[in-house]
Each structure stands twice: as C-alpha cells, then as structure tokens.
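Novice: Dropping the structure in here first, questions after.
The values are calculated or read from the model by the stated rules, or taken from the named source; none is laboratory data. Computed from a prediction, not measured in an experiment: that's the story for all the values here. Here the Cβ positions follow ideal geometry from the backbone for every residue, glycine too, while neighbour counts run over all protein chains shown.
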Amino acid sequence: MRNVKLSKLWDALHSSYWFIPAVMAVGAIALAFTMLTFDRTGQTAIEQWWWIYTGGADGARSLLEAVAGSMISISATAFSITIVALQLAASNFGPRLLRNFMQDTGNQIVLGTFIGTFIYCLLVLRTIHGEGDGYSQFVPQLSVTVGIVLAIVGIAVLIYFIHHASTIIQASHVIRSVSDDLDKAIKRLFPEKIGHGEPEQRQLVAEIPVSFENQACPIRANSTGYLQIIDDEKLMQIARKYNLLLHLKTRPGKFVVQGSNLVMVLPEERLNNVKTRHDSRSLQKQINDAFILGNERTEQQDVEFPINQLVEIALRAMSPAVNDPFTAIRCIDRLCAGLCNLVQRDFPSRYRYDKDNNLRVIVESITFEELVESAFNEIRQYGRSDTAVTIRLIEALAAIAAYTDNSKYQTVLQRHASMILQSAIQALPDEQDRLVVQERYNSVIKNHAQLKLQTIPKE
C-alpha cells in the first residue's frame with residue numbers, strides 16, 4: 001500500500017501547479033541566506049573577484065528592485081498566458097486534456113524561476129544598508145551578483161516559455177503527449193513475459209463454486225469517485241491472512257458509487273467468523289483502503305483512459321464546428337500504433353494465485369475487444385461520411401492485424417472492419433466515394449493476409 005499511495009501522491013503533486021514553484025521558492029530562500037552568509041564571512045576575499053558587483057548601496061537597491069519588479073510582472077504575464085492556453089485546450093481538445101497540460105513540467109519550472117528570483121531579491125534587498133541609514137554600511141556584493149545572474153536566467157526562461165507556450169497547444173504536440181501516455185501505460189500494465197507463467201487454470205471449476213455470487217459476502221464502497229488504483233499486493237496479503245477468495249467487481253477507470261459492491265468475499269462464514277466485530281470492520285476497511293478513488297480518471301492503471309482521450313480529440317476535430325479530418329487521422333495513427341504494441345503482449349490472467357498456487361483473487365480485467373471498441377466505435381460512427389477517415393480506419397485495422405496471429409484478435413478486427421465498410425457504404429452520399437472506399441478495402445485485404453474478410457457487395 002505504501003508504494004501505491006506514494007505513486008498516487010506523486011501523480012497528484014506532478015499534476016499540480018504549486019508543487020515545483022513552491023520547492024523552487026524554498027530553494028530561493030535557502031540560496032539567499034547562503035549567499036548572505038558568504039558575504040558577511042568572506043567580504044575581503046569577495047572584493048578581489050573581478051566579476052563581483054562593486055557598486056554602492058543605492059545602486060544595489062535599484063538593481064534588485066528592478067529585477068524583483070520585472071520578475072513579478074513577468075510571472076503575472078506567464079500565468080495569464082498559461083490560463084489562455086488551458087482555455088484553448090479545453091475548447092479544442094476537451095476538458096479531460098487539462099490534466100496533461102497541468103502536468104507540463106516546463107511551465108511549472110518557468111513559474112518557479114520567476115517567483116524564486118522575486119523572493120531572492122526581496123530577501124537580499126532588506127539587508128542592504130548605506131552610510132546614512134543608521135546602520136553600519138553593508139552591501140552584499142556576492143548576493144547582488146547572484147541576483148543579476150538569476151535575472152539573466154529569467155530572460156532565458158522567458159524566451160523558452162514563449163516558444164513552449166506556442167508549442168504545447170498545437171494539435172500534433174497534444175496528440176503525441178497522449179500517445180506517449182498510452183505507450184507508458186501499455187508497458188506498465190502489460191509487461192513482457194518474465195520468468196515462468198502462472199499455474200494453469202486446471203482447477204478453476206473445483207475452486208470456484210457454481211453459486212459463487214449467492215455464497216459470497218459483498219464488501220461495499222465507502223465513498224464515491226473514479227477508481228484510480230487497486231493495490232493488488234495488499235489484497236493478496238489480506239486473502240492469504242484470512243484464507244479468503246476475493247472477486248473484484250470493478251476495475252480502474254470505472255465510476256464507483258458509495259454502497260456499491262467492490263469485492264465479493266468467499267467464503268462468507270470465514271468473514272463472519274472474524275474474532276470480533278471490530279476486527280470484521282477493520283477487515284472491510286482494509287479492503288476498502290486497497291481501492292483508491294479520485295475525482296477523475298488517470299492512466300496509472302487505466303490503459304483505456306489515454307485511448308478515450310485520443311478518441312475525444314478525434315471526435316472534436318470531426319465536429320461540424322471544427323471540420324478537421326486531418327487531426328482525426330493523426331489520432332487514428334496514434335491509436336493504431338498503440339494497439340499494434342498491445343497485440344504483441346499477453347493480457348494478464350484474471351486469476352491471481354499466491355506463492356502456494358492457491359487461487360486468491362479474481363480481478364475484473366479489460367479485454368482486447370473492449371479496447372478496440374473504445375478506440376474505433378465512436379470514430380466510425382462520427383466519421384462514417386468522411387472518405388479519408390474511413391479509409392484510414394480500415395488501414396489501421398489491417399496494420400494491427402499484421403502484428404498478431406491470435407485468432408480471437410483477428411475475429412474482433414474482422415468484425416470492426418466489416419462495420420466500418422458497411423457504415424461508409426450507407427453514409428457516403430457520392431457513389432464514387434463508395435467505390436473508392438470499397439476498392440481501398442479490397443486492396444487492404446489483399447495486402448494483409450491476416451485480415452480475411454468477405455467483401456461486402458456494393459449497393
């Protein structure tokens with residue numbers, strides 16, 4: 001549970017706009033006190049360095065005031081530009097893409113640099129004393145020099161921010177970013193084979209009673225939200241400790257309503273025979289704690305989420321208000337690449353055994369068919385009257401088929417290819433467009449022997 005909670009905490013911090021600027025602000029405070037200490041303890045040695053600021057107290061004050069004022073002004077401007085970028089992203093790509101923009105480390109570092117420089121200058125500015133101030137004269141020459149360096153760094157960061165802000169709102173950048181999230185989720189959730197496989201499911205009929213649902217005791221959700229993470233190691237420990245069989249009724253990405261069934265526990269008698277009522281409630285709380293809910297979906301254990309994001313971008317691009325099929329085709333290309341990667345990996349078994357080969361947990365896993373439906377169903381429905389989108393969908397299915405020889409996967413791809421062709425024939429108003437789609441469909445089948453489909457006759 002500790003690693004899962006740390007992962008969730010890091011994801012929340014990484015998605016926030018305050019964490020990195022706050023860390024950099026603390027760093028600026030530490031830097032200011034460190035430089036001032038050097039100025040007080042090594043004043044004679046510092047004056048011998050040729051690159052150190054050598055002006056008086058008034059000049060140092062004016063310099064730091066100018067740097068501090070400009071940095072806070074630029075911070076406000078950068079924040080305004082960021083808000084505009086988020087508004088454009090929400091309107092053009094969908095509000096669910098805002099999380100990707102919030103995770104952008106570059107923007108967070110830019111904001112942290114400006115705020116850190118402002119705080120540094122304020123802290124150094126308060127220590128400068130001239131001859132007529134009633135204090136002994138003190139000009140922190142090294143600290144002022146560092147302030148000048150930070151101002152130069154701020155200018156460089158500003159140039160970077162202008163370029164970066166104009167880049168991150170481009171459709172190609174957003175699509176690539178979501179595609180990278182999809183690839184990472186596939187690698188994380190569908191790893192390549194390592195070591196020996198799980199025991200064969202040879203005893204499942206004997207291990208799982210026919211009347212499982214009737215004999216099992218439900219554990220209900222304590223709160224409402226999207227299921228983001230399941231701590232499978234914690235669940236395995238609980239099942240082993242109490243000698244239980246746990247059947248999960250939901251999976252990451254699903255919306256959980258308070259009071260709905262999270263887990264079915266078998267046997268019920270063993271759960272009811274826990275020593276005390278307090279222990280029973282503690283066990284139910286332990287199981288609930290293994291399910292981490294949130295206000296939105298994440299890709300940590302939900303491979304379908306980045307697929308849905310790419311589909312959302314494609315659907316908005318094909319809307320009558322935008323009418324941008326080229327962006328939709330880019331999304332199809334990225335979906336194709338992700339699924340080509342996915343079909344080369346084995347889907348984890350629903351049945352999880354402990355180290356003694358005892359069945360302990362049955363998970364609610366996603367299937368290849370569900371992922372293909374999520375990727376292509378809505379695009380097919382909205383793009384059925386667009387020839388270019390239809391052709392690219394057919395080519396994408398053929399490309400995915402070329403990466404697998406799994407008969408079940410082939411059946412799924414066959415069905416979707418037939419649906420795409422049939423929808424296009426019914427929706428395309430021009431006979432010539434229907435002929436082009438049909439010819440391209442036949443060409444794809446001929447070039448990809450893996451996708452063996454019967455040609456649907458032309459109307």
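Novice: Tell me, please, whether a residue that is exposed (fewer than 13 other Cβ atoms within 10 Å of the Cβ) and modelled with pLDDT of 85 or more can be found in the range 80-96.
Specialist: Yes, the conditions are met somewhere in the range 80-96.
Novice: Go over the candidates Leu421, Leu428, Leu413, Leu371 one by one and state the one that is surrounded by 15 or more Cβ atoms within 10 Å (Cβ to Cβ), outside the structural domain of Leu244 (by TED's automatic domain parsing) and in contact with a Phe, Trp or Tyr (Cβ under 9 Å, 6 or more places away or on another chain). Lay out the reasoning, then the answer.
Specialist: Values: Leu428 fails: in contact with a Phe, Trp or Tyr (Cβ under 9 Å, 6 or more places away or on another chain); Leu413 fails: in contact with a Phe, Trp or Tyr (Cβ under 9 Å, 6 or more places away or on another chain); Leu371 fails: in contact with a Phe, Trp or Tyr (Cβ under 9 Å, 6 or more places away or on another chain).
Testing whether each residue is surrounded by 15 or more Cβ atoms within 10 Å (Cβ to Cβ), outside the structural domain of Leu244 (by TED's automatic domain parsing) and in contact with a Phe, Trp or Tyr (Cβ under 9 Å, 6 or more places away or on another chain) leaves just Leu421.
Novice: Return yes or no: is Leu262 surrounded by 20 or more Cβ atoms within 10 Å (Cβ to Cβ), over 19 Å from Lys5 (Cβ atoms) and more than 20 Å from the chain's Cα centre (by Cα)? Quick ask: steps written out before the conclusion?
Specialist: Values: surrounded by 20 or more Cβ atoms within 10 Å (Cβ to Cβ): yes; over 19 Å from Lys5 (Cβ atoms): no; more than 20 Å from the chain's Cα centre (by Cα): yes.
Here the answer is no, as Leu262 does not meet what is asked.
Novice: I've got another one for you. If I ask for residues that are aromatic (Phe, Trp, Tyr) and either at pLDDT 90 or above or part of a loop (DSSP other than H, G, I, E, B) (or both), which ones from the range 23-59 would you list?
Specialist: Kept after step one, since they are aromatic (Phe, Trp, Tyr), are these residues of the range 23-59: 33, 38, 49-51, 53.
Correct list: Phe33, Trp49, Trp50, Trp51, Tyr53.
Novice: Could you tell me whether Ile307 is of a type in the set (A, V, I, L, M, F, W, C), over 16 Å from Phe255 (Cα atoms) and either at pLDDT 90 or above or touching a helix residue (DSSP H, G or I) at 6+ places or on another chain (Cβ under 7 Å) (or both)? Break it down stepwise before answering.
Specialist: Details: of a type in the set (A, V, I, L, M, F, W, C): yes; over 16 Å from Phe255 (Cα atoms): yes; either at pLDDT 90 or above or touching a helix residue (DSSP H, G or I) at 6+ places or on another chain (Cβ under 7 Å) (or both): yes.
Yes, satisfied.
Novice: Since Asp333 meets every condition but one in (1) surrounded by fewer than 18 Cβ atoms within 10 Å (Cβ to Cβ); (2) assigned to a helix (DSSP H, G or I); (3) modelled with pLDDT under 95, which condition does it not meet?
Specialist: Here Asp333 meets the rest and fails (3).
Novice: Pick from the range 113-140 the residues that are of a type in the set (Phe, Trp, Tyr) and in contact with a strand residue (DSSP E or B) (Cβ under 8 Å, 6 or more places away or on another chain): which of them is modelled with the lowest pLDDT?
Specialist: Step one: of the range 113-140, the residues of a type in the set (Phe, Trp, Tyr) are 114, 118, 120, 135, 138.
Right, trim to in contact with a strand residue (DSSP E or B) (Cβ under 8 Å, 6 or more places away or on another chain) and you get 135, 138.
Numbers: Tyr135: 66, Phe138: 82.
Per the stated criteria, the residue is Tyr135.
Novice: Which condition breaks for Arg2 when tested against (1) surrounded by 14 or more Cβ atoms within 10 Å (Cβ to Cβ); (2) among the charged types (D, E, K, R); (3) modelled with pLDDT under 90?
Specialist: Of the numbered conditions (1) surrounded by 14 or more Cβ atoms within 10 Å (Cβ to Cβ); (2) among the charged types (D, E, K, R); (3) modelled with pLDDT under 90, the odd one out for Arg2 is (1).
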